[in-house]
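Below: the structure, in structure tokens.
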2 protein chains.
Amino acid sequence: MADGGCTPLARALLQQCLHARLQVRPAEQDAAAQWVEIQRGLVIYVCFFKGADKELLPKMVNTLLNVKLSETENGKRVSVLDLPGSVLIIPQATLGGRIKGRNMQYHSNSGKEEGLELYSQFVSLCEKELAANSKCAEAGVVVEHGTYGNRQVLKMDTNGPYTHLIEF
Amino acid sequence: MADGGCTPLARALLQQCLHARLQVRPAEQDAAAQWVEIQRGLVIYVCFFKGADKELLPKMVNTLLNVKLSETENGKRVSVLDLPGSVLIIPQATLGGRIKGRNMQYHSNSGKEEGLELYSQFVSLCEKELAANSKCAEAGVVVEHGTYGNRQVLKMDTNGPYTHLIEF
């Protein structure tokens, strides 16, 4: 395995979607499950490692929202802000796993509390960026996000996920 | 960015699905699009880098089909072979991208011909493994795969994608 000495501070996985739907609260005895959904846009799975701190977040959000991975109707690649498209953020601690034998281990992941704090601030920075962008505001695109620590039940339609990994 | 000196020979991204559907041939004037689909199982996105050769494949297939990431009805994690579940293999060269400014570059990816050759052999090794496994044969689970070089139009339902990255 390509291992050792390469642990980043954060890992983001990006997929393009036409529609995505994420459970944010499982069904309980007296209540149906709750979901959020976005139409065309970007799904960001995010994982933080030990050593990550909030100084990292502005650069991370800036990079992810401005990288040109979203396809216009003419087939040109632009950023999700320029599309403009919606953003669905999914906390995905499993992305920090390393294989050992037949099992995955998560020793490099940030602790639960730091992870939650970083995730919450990451989401709120993304929301601010979209809100501050006039194209996005005009088009009514949204930022939705999963609940940290929950199972991320996801349903997704794509026109090609165009999966990219970006590490920080 | 965490960059430099860490390029693996191959990168696999694993997601668990309840159902996944992948276009293997786009619609043409006189013919509808063709799709393959699997029910419960494992989606493997795969990307090869320069320097990868077929010596890598048996270990890679062995690792991916035996790592315990599939959830039984009791919530226990077992391999996709032990579930037993189906496998959908998606060629995803974009996984090899590195960010430069606001664009992604793919300079480390294997060439088109080598990539196709490695991909075809990877698929055929997975097929052999599932066929040789009595539990899988009995349950009638299948290996399906995308067409190398095509746009990978994907629709997926999960009970939590439980996304993992494994590099070789």
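The values are calculated or read from the model by the stated rules, or taken from the named source; none is laboratory data. Because the structure is predicted, anything quoted here is derived from the model rather than measured. When we count neighbours, we look across all protein chains shown, and the Cβ atoms used for this are built from the backbone with ideal geometry, even at glycine. Remember, those area values only see protein heavy atoms, side chains included, never the ligands or the DNA or RNA. Shrake-Rupley method; radii C 1.70, N 1.55, O 1.52, S 1.80 Å.
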Here the residues within the stretch A:79-97 that are within 16 Å of A:Leu118 (Cα to Cα), more than 10 Å from every other protein chain (Cβ to nearest Cβ) and in contact (Cβ under 8 Å) with a residue 60 or more places away in the chain are A:Pro91
Assigned to a helix (DSSP H, G or I) and either open to solvent by less than 20 Å² (accessible area, probe 1.4 Å) or basic (Lys, Arg) (or both): does that describe B:Leu65?
yes
Screening B:Ile90, B:Ile99 for residues that are surrounded by 21 or more Cβ atoms within 10 Å (Cβ to Cβ) and in a strand (DSSP E or B) leaves only B:Ile90
Looking only at the stretch B:5-32, count how many residues are within 25 Å of B:Ala52 (Cβ to Cβ) and not in a strand (DSSP E or B).
5
Give me a count of the residues in the stretch B:14-55 that are touching a helix residue (DSSP H, G or I) at 6+ places or on another chain (Cβ under 8 Å) and closer than 20 Å to B:Glu113 by Cα.
8
In the stretch B:68-78, residues that are at the interface with chain A (Cβ under 10 Å from one of its Cβ atoms), over 15 Å from the mean Cα position of the chain (by Cα) and in a loop (DSSP other than H, G, I, E, B) total 1
Please determine whether any residue of the stretch B:118-132 is touching a residue at least 40 places away in the same chain (Cβ under 8 Å), surrounded by 19 or more Cβ atoms within 10 Å (Cβ to Cβ) and either β-branched (Val, Ile, Thr) or part of a loop (DSSP other than H, G, I, E, B) (or both).
no
Working only within the stretch B:113-168, note down all residues that are within 14 Å of another protein chain (Cβ to nearest Cβ), under 14 Å from the mean Cα position of the chain (by Cα) and under 22 Å from A:Ile99 (Cβ atoms).
B:Pro161, B:Thr163, B:His164, B:Leu165, B:Ile166, B:Glu167, B:Phe168
Please tell me if B:Val123 is among the β-branched types (Val, Ile, Thr) and in contact with a Cys (Cβ under 9 Å, 6 or more places away or on another chain).
no
Count of the stretch A:30-55 residues which are within 23 Å of A:Lys128 (Cα to Cα) and open to solvent by 30 Å² or more (accessible area, probe 1.4 Å)
7
Residues that are of a type in the set (Gly, Ala, Ser), farther than 30 Å from B:Lys76 by Cα and modelled with pLDDT under 95: does the stretch A:82-101 have at least one?
no
